[in-house]
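Visitor: Got a structure for you, questions after.
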C-alpha cells in the first residue's frame, strides 16, 4: 500500500448543485491524485449512475442514506435531527478513522454544530473558526473567522491567530507568517475592547508570534499580512464584500471589452493576459474553507461551488492530511497555549494598573 | 443676490495633502459652481499664495489659524484641545450660520467629537452615523455607519436606516429607497440580537419603510439595495475591503494590458471603454462621506483624497444644502420616530411572549 494513499469522506448531498457538481468534482480530484480514494455519502440510487458515467466507480465507495440536512435548517435543529444525514454519516467516518477528512458543501451552521458534536474541539480551544484563502497582490492570505462565531472575546481572537498561524505554516511552508488583526484603524486606541486586549496578548514576546498589528480592510487585498484574524461577523462581511466586488468588476471588464468593435478586437489581442487575471480572481480556485480547532479535518465547500470548486476543496482536505496538519496544529497549540495564558495574565495586570 | 448662492466652510489644513489638495479642489468646485463661495480656515501665510496661484482669491475668504488637529489625536484629546484648530473654527462658522456646511479631510474621530459638541444631534437621534456612496452594478448605493460607532444597538441601527433613507431620497430623488441590513446570512435567525431586533422593527408596517431584509456583503456591489445599514465596525470593514479589492483588480488590469506587445495593442483598441470602467470605480468620484444626525451638514473627505476628490466632497455639501437636506431629514425623522417607538414596543412584546 502506498504510504500516501488517502481516503476522504464526501457529503455527496450538500450544496446547491449536489450531487452532480460533487461527483464531477470528485472525478477531477481523482484524476489529479492517483492515491486518492473517496467515500461518497448520499442517495445510492442517484449516485451510482453519476459515478458510472464519470468512470470513477472503482475508486469510490457509496455509503447510502436518504436523509439530507436542509439548507435552511438552523443549527439547533440540525443538532437534534439528522443522525442519518449524509453530513452526519460522513463526519462519523472521520471519527471512526475510516476517512481522513470530510468535505461538505452543505449548510455551514449545521456542519459547525455536527462537527463539534462528533469530532470535539482540540483541548484548550474554546471555539473552532472557519478559515479560507483570499487572493492578494502578493501570495494568497488566509483569513479567519469567516462566520462560525458572531461575537468573539480576546481569547477567541488570540486562539484564532494561533490556529491561523499553524494553518498557513503547514499549507504555505512559511515558518513565521505575518499575522494581523482586522480593525477600523491602525492606531492603538481603535476598535472594541476585545480587539485591543487581543492585540496586547499577541504583542507579547513570549508568544513568539509574528504579529504585525491592526490592519484595515483595504490592506487585505494588498497582502499586508499572511493571516487576517477577525470575529466571524466582520470576517464574513469582508470576505463576501471582496467576492462581490470582484464579480462586479469582472462584469465591468466584460462590458468594456464588448462595448465596441474596437474594444472587441482589443480583447482578442489581450485575451491571454486577461485569462491569467481571471484565474487569479477565480473564486473556485480558493474554494474550501476549513473548520479549524477540531480533532479532524473538516472542509466546507461553498454551497454554490461548481465541480471545479468542489475539486479544489477536496485538494485542501488531502493536502492538510498529508502534511500532518492536525498533529502540527496540536503541537503548536500546546506550545503557545502556556505562552497565551502568561501573556493574558500580563495584559490583565497592565489593565488593572491603569 | 442669487437665491442659490451658498457659502461653505472648508477646513483647509485637514488631510494628507493639505492645504495644496484642498485649495486645488476648492478651485475645481468654484469653477463648476458659479454661485459657490468658500471660507477657508487655516494658515493664511500658506493659503494666500495658493489661492492667488489658483486665481480664486475673489470668491474665497480666509479665516486664519495656526492650530491644526493632529491626524493621530484620539477623540478624547481632540475634545479638550484645539478650540482654535482649523476644524473647530470651521464648525463654528456652520453653527453661527456664516457657512451652510463644513468640509474637512481631517481626523474622522476628532471631526465626529467636535461636530457633536458644536452642532449637537438632531433631537431624538442617539448617535450620528457616517454615510458614503459605493459604486454598484446598478445605481450607487449609500452605506452607513462607516466607522463612527463601533458598537450599535437595535435603536441605533433603526435610526441609521431612517437617516439613510432621507439621505438617499434627497440626493437621488427616489421616494422610497430599498433598505437592507448587513448580516452574515439572509435567514431570519442570523446575526446578533441587535440586528435581529432592528430587523423586527424595520419590518413593521407602521414605519412605511421599504425594508427588504438582511443582505450579505456580496449583495452590496450587486446593488441589491439602495441603503446598506450596519454597525460602524463592519460597515468600515466592508467599505475598505471593497476599496482595496478595486485597487487590487485595477492593478491586475494594468498588469494584464502591459504583459505583452499584443496586450498593449489590445489596450490601445479598448482604451475608451476602459476609461469608462476606471471612471465608474474611481474612489475620488465617491469621496465625501456625510455625518448624518447633526444640526448641520458635515462632510468628511478621505484623508488621502486628491484635489478631484476634495472637489467631489464640496459638491456633496452644496447639493445637500441646496436640496434642503437638514429640514427634510428632521421632518422625516419626526414622522418616523413615533412609528419607530411603536414598532419597538411591538417587537419587545413579541420577544416577551417567546
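The values are calculated or read from the model by the stated rules, or taken from the named source; none is laboratory data. Keep in mind that this is a model prediction, so the values were computed, not measured. We place every Cβ from the backbone using ideal geometry, glycine too, and count neighbours over all the protein chains shown.
Visitor: Can you name every residue in the stretch A:258-272 that is buried (at least 21 other Cβ atoms within 10 Å of the Cβ) and within 20 Å of residue A:246 (Cβ to Cβ)?
Guide: A:270
Visitor: With (1) farther than 21 Å from residue B:223 by Cα; (2) buried (at least 22 other Cβ atoms within 10 Å of the Cβ) as the list, and residue B:141 as the residue in question, which single condition is left unmet?
Guide: If we test residue B:141 against (1) farther than 21 Å from residue B:223 by Cα; (2) buried (at least 22 other Cβ atoms within 10 Å of the Cβ), just (1) comes out false.
Visitor: Now, a different point. Applying the selection to the stretch A:205-263, what residues are facing another protein chain (nearest Cβ under 7 Å) and in a loop (DSSP other than H, G, I, E, B)?
Guide: Within the stretch A:205-263, A:216, A:220, A:221, A:222, A:259, A:260 meet the criteria.
Visitor: Give A:251, A:336, A:318 a once-over and let me know the one that is closer than 30 Å to residue A:162 by Cα and either in the same structural domain as residue A:99 (by TED's automatic domain parsing) or exposed (fewer than 15 other Cβ atoms within 10 Å of the Cβ) (or both).
Guide: Matching residue, one of A:251, A:336, A:318: A:318.
Visitor: Still on this structure: Looking at the structure I just gave you, is residue B:291 under 30 Å from residue B:9 (Cα atoms) and more than 7 Å from every other protein chain (Cβ to nearest Cβ)?
Guide: yes
Visitor: Return a yes/no flag: does the stretch A:177-186 have any residue that is within 14 Å of chain B (Cβ to nearest Cβ) and surrounded by fewer than 21 Cβ atoms within 10 Å (Cβ to Cβ).
Guide: Yes, some residue in the stretch A:177-186 is within 14 Å of chain B (Cβ to nearest Cβ) and surrounded by fewer than 21 Cβ atoms within 10 Å (Cβ to Cβ).
Visitor: Any residue in the stretch B:29-45 that is part of a helix (DSSP H, G or I), in the same structural domain as residue B:94 (by TED's automatic domain parsing), under 18 Å from residue B:89 (Cα atoms) and over 22 Å from the mean Cα position of the chain (by Cα)?
Guide: Scanning the stretch B:29-45 turns up at least one residue that is part of a helix (DSSP H, G or I), in the same structural domain as residue B:94 (by TED's automatic domain parsing), under 18 Å from residue B:89 (Cα atoms) and over 22 Å from the mean Cα position of the chain (by Cα).
Visitor: Looking at the structure I just gave you, is residue B:196 in contact with a helix residue (DSSP H, G or I) (Cβ under 9 Å, 6 or more places away or on another chain), surrounded by fewer than 21 Cβ atoms within 10 Å (Cβ to Cβ) and over 19 Å from residue A:151 (Cβ atoms)?
Guide: For residue B:196, the condition - in contact with a helix residue (DSSP H, G or I) (Cβ under 9 Å, 6 or more places away or on another chain), surrounded by fewer than 21 Cβ atoms within 10 Å (Cβ to Cβ) and over 19 Å from residue A:151 (Cβ atoms) - is not met.
Visitor: Tally time: how many residues in the stretch B:284-304 are in contact (Cβ under 8 Å) with a residue 40 or more places away in the chain and either crowded, with 24+ Cβ neighbours inside 10 Å or assigned to a strand (DSSP E or B) (or both)?
Guide: Number satisfying all stated conditions: 12.
Visitor: Which of the residues belonging to the stretch B:133-147 are facing chain A (nearest Cβ under 10 Å) and in contact with a strand residue (DSSP E or B) (Cβ under 8 Å, 6 or more places away or on another chain)?
Guide: Selection gives B:134, B:146, B:147.
Visitor: Further, regarding this structure: Out of the stretch A:182-195, which residues are in a helix (DSSP H, G or I) and touching a strand residue (DSSP E or B) at 6+ places or on another chain (Cβ under 9 Å)?
Guide: A:195 - this is the single residue of the stretch A:182-195 that is in a helix (DSSP H, G or I) and touching a strand residue (DSSP E or B) at 6+ places or on another chain (Cβ under 9 Å).
Visitor: Given the stretch A:63-181, what helices (runs of 4 or more DSSP H) lie entirely inside it while holding 1 or more residues that are modelled with pLDDT of 95 or more?
Guide: Correct list: A:86-96, A:108-119, A:154-172.
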